[in-house]
Every structure is written in C-alpha cells, then in structure tokens.
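> This is the structure I want to talk about, given as structure tokens.
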Amino acid sequence: MAAADHLQHERASENSKVPQCNGLFFPNLCRDSRRSAMILVMDAIDRKIIAELEADGRLTVTELAERVKLTVSPCHRRLRDLERAGAIRGYRAVIDPAAIGLGFEVLVNVTMDREDAATIAEFEANLADVKEVRHAERLFGDPDYLVRVATADLAAYQNLRDEKLATLPGVRRLTSTIVMKRIVDQRPFPLSLR
C-alpha cells in the first residue's frame, strides 16, 4: 500500500470512529484530546437544550422536550448525542461554599521557577491532589497559573499556602488575593440561538 493510500486509509478509519449527531461532527484537534469534546456543529435546538439544562439540570426529558418544542424521543436522542460528544460533560448540584464552611476564597497566582516538562507535570499532578483547589488554569505569560482555593478562614488558608501550595515542585512565588464577593458566578455560556 502506498504511503498516501495508507494515510488516507488511516484518516478514513479515524473518521469512522467519530460519533455522529445530526451528521455534523468534526474531530477536535486539541492537544489534550482525552479532555476535549468533539467540535459539534449545533443547530438552534441543540443550543436550546444546552441552555435549558444550564438553567435547570434537573429537568426530566419530558420537561426538556416541552421547553425545546420536540417530542420526547428526538429530544432524548439529541440529549444522548450531546452527552456522547462531550458537549454535556455531566450534571451536578451547585453548592454555596459558605453553607458548607468553605466561604473563604482566595485567588492564587503561581509563578514557576522551572518550566521543564517533568517539573510542570509533577506540579500539575500534585496541585490536582490538593482538595481545597476549586479551579486551576495554566496561563500564557505571568503568572504561570491561576488557582482558586476555598478554605474555612484566613488561618486555614495560611496553613494551606505554607504547608501545601508553597511546597509544590517548581514554585517560585505565590501571590494571594482574597475574594471580597462574587459578581458573576455560574453564568451559563452565551449560546447564540442562530
């Protein structure tokens, strides 16, 4: 088999593994494909399904179908397709941190002193194991990471900072900013209904 034919055969095999939803899927070519969804060309009904579920994730399929003006079967099929594609990654309760004793939130800017692949991988793996970390993003520029943590109070944060965060591999500097109040939180994605 010629190299060009072999490549074309591999692409055809890969494309046959791409799930179909209304026939409009494209493989996401992101580097970390394990955590990336398929890029799905959604129509207005798919976007409405997502918007309704973002507003109320406890809707039954029957209630959802009524809201998006579909019968139950096509609505359920579209919902399954959106879940399989990774557009809908899960359902969960939204918790008030103060109600569970974790209302002290801090944004931590992390600047690394070493950025070789092994140090970054070890830092990220260890950071993911810190249970107080709510969100963590790797950034371009300075700082290298933005981490949101939730603790009971200032003393608990100081202990977390000194005993866990500052000891992570490759950390040069931590800069902490205490959250005064949330202005926008848990906002649904801006899905334009084209």
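Laboratory data are not the source of any read-out in this text; all were calculated from the coordinates shown. As the structure is a computational prediction, the values presented were derived from the model and not from experiment. Heads up, the Cβs are rebuilt from the backbone with ideal geometry, glycines too, and the neighbour counts pull from every protein chain shown.
> What number comes out for the charge environment of P190, summing +1 per Lys or Arg and -1 per Asp or Glu over other residues with Cβ under 11 Å away? Please list the in-between numbers first.
Numbers: positive: R47, R187; negative: E54.
Residues close to P190 contribute a combined charge of +1.
> So which aspartates and glutamates pass the test for K69, namely a Cα distance under 19 Å, with those fewer than 8 places away in the same chain ruled out?
The qualifying aspartates and glutamates are D43, D46, E52, E54, D56, D81.
> Near K131, which aspartates and glutamates are there with a Cα under 18 Å away, not counting those fewer than 8 places off in the same chain?
Cross-link targets: D96, E105, E122, D153, D162, E163.
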